[in-house]
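*Asks:* I'd like to ask you about the structure that follows.
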Amino acid sequence: MMTSMSTARTSGRLAMLQLASPLLPVGAYAYSQGLERAVHDGHVVDAPTAQRWILDLVSGPVAHFDAPVFVRLHGAALARDAASFTRWNRRAIASRETRELRAESLQMAASLGTLARELRLGDAVALLDGLDRPAFPAAFAACAVALGVDVDDALTAYLYGWLENQVAALLKVAPLGQAAGQRLLLEAHEPLASAIAIAMTLADDELASSAPGLALSSAFHETQYSRLFRS
């Protein structure tokens, strides 16, 4: 019995790592979520300003909206509660402040849905097929449940994938080296863990998302003449 439980736990962790991997074919590398514009406008110019930009997002909208919404999507997928899954998916889409942020979430969800079909993750596909427009957190949560990843590990993978992509985008548009990027990732461990703990405790009426700097950077990025990223 213990061997079987240990094997299942290891399998879940391996699935978590696979979902968090930059090799996941969802096109995350094409997006910076407004960070490219923040560099362009001089809000992010070095390691300290990059750390402040990213960690402000972690302690703000990530901890108090994105992460708790993901927790609810995972719970709905686990319970096969299509109505709840649909409601929180719509909430996730509605929270994207700009056209390009919404397009990013929808495109990445579509790509992950295609992968779910290719990997024959039937439960995930059924849930996603029931949505008009899946958002990326919904697709990620559905696949995590189908792969046997519990909510703690699934949320960790989801948020770490976001964090790693932010750092990867940063290194492409700012004069920072690989070591600086790794230091930023390391320094984000504790804030990210705190965000996960917060997400597990918030009631529905406590969820809130406010990041006007991010929204403005994304909006200005939509008409930026020269750019590397789609958001």
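*Asks:* For the subset of the stretch 195-231 comprising residues that are modelled with pLDDT of 95 or more and touching a helix residue (DSSP H, G or I) at 6+ places or on another chain (Cβ under 7 Å), which member is nearest to Pro48 (Cα to Cα)?
*Replies:* It comes out as Ala195.
*Asks:* Would you tally the residues in the stretch 167-182 being of a type in the set (S, T, N, Q) and exposed (fewer than 11 other Cβ atoms within 10 Å of the Cβ)? Break it down into steps so the answer makes sense when it comes.
*Replies:* So in the stretch 167-182, the residues of a type in the set (S, T, N, Q) come out as 178, 182.
Adding the requirement that they be exposed (fewer than 11 other Cβ atoms within 10 Å of the Cβ) leaves 178.
Residues meeting the conditions: 1.
*Asks:* Only one of Val167, Val149 is aliphatic (A, V, I, L, M) and in a loop (DSSP other than H, G, I, E, B); which?
*Replies:* Values: Val167 fails: in a loop (DSSP other than H, G, I, E, B).
Step by step, each of Val167, Val149 is checked, and only Val149 is aliphatic (A, V, I, L, M) and in a loop (DSSP other than H, G, I, E, B).
*Asks:* For Leu17, which of the numbered conditions (1) part of a loop (DSSP other than H, G, I, E, B); (2) over 21 Å from Ala211 (Cα atoms) fails to hold?
*Replies:* (1)
*Asks:* Out of (1) part of a helix (DSSP H, G or I); (2) out of contact with any Gly (no Cβ under 7 Å at 6 or more places or on another chain), what's the single condition that is false for Ala208?
*Replies:* So Ala208 meets the others, but not (1).
*Asks:* Another one. Identify, please: which residue in the stretch 183-220 is surrounded by 12 or more Cβ atoms within 10 Å (Cβ to Cβ) and over 20 Å from the mean Cα position of the chain (by Cα) and is, among those, farthest from Leu170 (Cα to Cα)?
*Replies:* Only one residue tops the list, namely Phe220.
*Asks:* Right, another one. Every residue in the stretch 73-114 that is surrounded by 22 or more Cβ atoms within 10 Å (Cβ to Cβ) and either more than 14 Å from the chain's Cα centre (by Cα) or within 14 Å of Gly130 (Cβ to Cβ) (or both), please.
*Replies:* Within the stretch 73-114, Leu73, Ala76, Ala77, Phe85, Trp88, Asn89, Ala109, Gly113 meet the criteria.
*Asks:* Considering Val125, Val145, which residue is aliphatic (A, V, I, L, M) and surrounded by 21 or more Cβ atoms within 10 Å (Cβ to Cβ)?
*Replies:* Details: Val125 fails: surrounded by 21 or more Cβ atoms within 10 Å (Cβ to Cβ).
Of the residues listed, the single one that is aliphatic (A, V, I, L, M) and surrounded by 21 or more Cβ atoms within 10 Å (Cβ to Cβ) is Val145.
The values are calculated or read from the model by the stated rules, or taken from the named source; none is laboratory data. Values in this document were obtained by computation on a predicted structure and should not be read as measured data. Positions of Cβ are generated from backbone atoms using ideal geometry, with glycine treated the same way; all protein chains shown enter the neighbour counts.
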